[in-house]
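Student: To start, I am sharing the structure in question, which I have written as structure tokens.
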Amino acid sequence: MQTENKTTSEQLPPPVVGLTGGIGSGKTTVSDTFADLGITVVDTDVIARQVVEPGTQALTRIAGHFGSDNVLQANGALDRRALREIIFTSPEEKQWLEALLHPLIRKETMRQIQQSQSTYTILVSALLLESGQHQWCQRVLLVDTPEQQQVARTVTRDDSTPEQVESIIRTQMSRKDRLSLADDIIVNDNSLDALTQAVKLQHKAYLELFNA
């Protein structure tokens with residue numbers, strides 16, 4: 001009996017564009033615009049929330065490790081801010097949490113990429129370059145924003161202090177290094193309309209690149 005060779009391009013998932021940027025750079029706004037244009041968006045931050053929803057084994061293990069009173073809200077959901085404060089001051093606890101969650105996030109990320117039906121797929125990840133996830137991508141798209149604007153946006157969005165945001169920025173890859181590793185760059189230092197137009201232009205370029 002002959003075995004069918006399933007290696008044609010029709011069985012392969014669409015090309016992947018990795019979308020990244022520092023905290024407060026505007027990644028969500030950019031990815032939402034791509035979604036409005038009909039492109040599948042796989043967001044690792046959304047997936048990271050899904051794998052610790054109430055009822056999941058991951059949340060049960062987190063509560064058992066850190067203590068329910070310390071990391072769970074009254075409704076049983078994960079208190080992400082409380083957990084973030086714990087691991088921020090303890091490299092060992094951060095390592096334990098990452099060892100639990102990263103394989104789960106990777107598995108679900110790959111599943112969603114494989115199921116994508118659009119011309120190309122946007123993979124959103126704040127740690128795309130640091131984590132090696134860019135190796136899954138045909139292109140790396142950076143949303144570049146001056147640090148002063150990153151801080152101002154994040155303070156408004158998350159009710160954080162400027163010092164807290166600056167501390168997070170220092171733990172992330174530098175702006176200079178991101179710029180050196182990106183294939184494509186959208187500068188987000190102007191209006192929302194300007195950002196939307198920049199995304200549309202980039203979308204058109206990707207359609208041409210990937211032979212839509």
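Student: Would you confirm, using the coordinates I've provided, whether Ile113 is part of a helix (DSSP H, G or I), of a type in the set (Val, Ile, Thr) and open to solvent by 20 Å² or more (accessible area, probe 1.4 Å)?
Tutor: Details: part of a helix (DSSP H, G or I): yes; of a type in the set (Val, Ile, Thr): yes; open to solvent by 20 Å² or more (accessible area, probe 1.4 Å): no.
No.
Student: Go through segment 81-98 and count every residue that is more than 25 Å from Asp159 (Cβ to Cβ) and within 18 Å of the chain's Cα centre (by Cα).
Tutor: Of segment 81-98, the ones more than 25 Å from Asp159 (Cβ to Cβ) are 91-92, 95-96, 98.
With the extra rule that they be within 18 Å of the chain's Cα centre (by Cα), the set shrinks to 98.
The qualifying residues number 1.
A quick yes/no check of all residues on (1) more than 18 Å from Pro14 (Cα to Cα); (2) of a type outside the set (S, T, N, Q); (3) surrounded by 13 or more Cβ atoms within 10 Å (Cβ to Cβ):
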residue	(1), (2), (3)
Thr33	yes, no, yes
Val41	no, yes, yes
Ala48	yes, yes, yes
Gly55	yes, yes, no
Thr60	yes, no, yes
Thr119	no, no, yes
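Student: Still on this structure, I have one more. Here are the criteria: (1) more than 30 Å from His65 (Cβ to Cβ); (2) surrounded by 13 or more Cβ atoms within 10 Å (Cβ to Cβ); (3) touching a strand residue (DSSP E or B) at 6+ places or on another chain (Cβ under 9 Å). Tell me which single one Ser125 does not satisfy.
Tutor: Condition not satisfied by Ser125: (1).
Student: In addition: State whether the residues of segment 135-149 include one that is of a type in the set (Ser, Thr, Tyr) and touching a strand residue (DSSP E or B) at 6+ places or on another chain (Cβ under 7 Å). Outline the logic, then answer.
Tutor: The first filter runs over segment 135-149 and keeps only residues of a type in the set (Ser, Thr, Tyr), leaving 145.
From what is left, the residues that are touching a strand residue (DSSP E or B) at 6+ places or on another chain (Cβ under 7 Å) are none.
The answer is no; no qualifying residue exists.
Student: Could you please let me know if Val151 is in contact (Cβ under 8 Å) with a residue 40 or more places away in the chain, part of a strand (DSSP E or B) and touching a helix residue (DSSP H, G or I) at 6+ places or on another chain (Cβ under 6 Å)?
Tutor: Working: in contact (Cβ under 8 Å) with a residue 40 or more places away in the chain: yes; part of a strand (DSSP E or B): no; touching a helix residue (DSSP H, G or I) at 6+ places or on another chain (Cβ under 6 Å): yes.
The answer is no for Val151.
Student: State which residue pairs qualify: first residue closer than 15 Å to Arg81 by Cβ and in contact (Cβ under 8 Å) with a residue 40 or more places away in the chain and inside segment 158-170, second residue among the hydroxyl-bearing types (Ser, Thr, Tyr) and not in a loop (DSSP other than H, G, I, E, B) in any location, beta carbons under 7 Å apart, and separation of 6 or more residues or different chains.
Tutor: Val165/Thr154
Student: Next question. Of all the residues that make up segment 182-212, how many are closer than 17 Å to Pro146 by Cα, in contact (Cβ under 8 Å) with a residue 40 or more places away in the chain and in a helix (DSSP H, G or I)?
Tutor: Total meeting the criteria: 2.
Student: Also, quick follow-up: Is it fair to say Ile105 is outside any loop (DSSP other than H, G, I, E, B), touching a residue at least 60 places away in the same chain (Cβ under 8 Å), among the aliphatic types (A, V, I, L, M) and out of contact with any strand residue (DSSP E or B) (no Cβ under 6 Å at 6 or more places or on another chain)? First the steps, then the outcome.
Tutor: Values: outside any loop (DSSP other than H, G, I, E, B): yes; touching a residue at least 60 places away in the same chain (Cβ under 8 Å): yes; among the aliphatic types (A, V, I, L, M): yes; out of contact with any strand residue (DSSP E or B) (no Cβ under 6 Å at 6 or more places or on another chain): yes.
Against the criterion (outside any loop (DSSP other than H, G, I, E, B), touching a residue at least 60 places away in the same chain (Cβ under 8 Å), among the aliphatic types (A, V, I, L, M) and out of contact with any strand residue (DSSP E or B) (no Cβ under 6 Å at 6 or more places or on another chain)), Ile105 qualifies.
Student: Search segment 77-100 for residues that are more than 14 Å from Val52 (Cα to Cα) and pair each with any residue that is open to solvent by 50 Å² or more (accessible area, probe 1.4 Å) and part of a loop (DSSP other than H, G, I, E, B) when their beta-carbon atoms are under 9 Å apart and the residues are at least 6 apart or on different chains.
Tutor: Close Cβ pairs satisfying both conditions: Ala82/Gln73.
The values are calculated or read from the model by the stated rules, or taken from the named source; none is laboratory data. Note that the coordinates shown come from a computational prediction; the quantities given were computed from them, not determined experimentally. Every residue, glycine as well, gets a Cβ built from its backbone with ideal geometry; the counts of neighbours run over all protein chains shown. Keep in mind that these areas ignore ligands, DNA and RNA; they rest on the heavy atoms of the full protein, side chains included. Shrake-Rupley method; radii C 1.70, N 1.55, O 1.52, S 1.80 Å.
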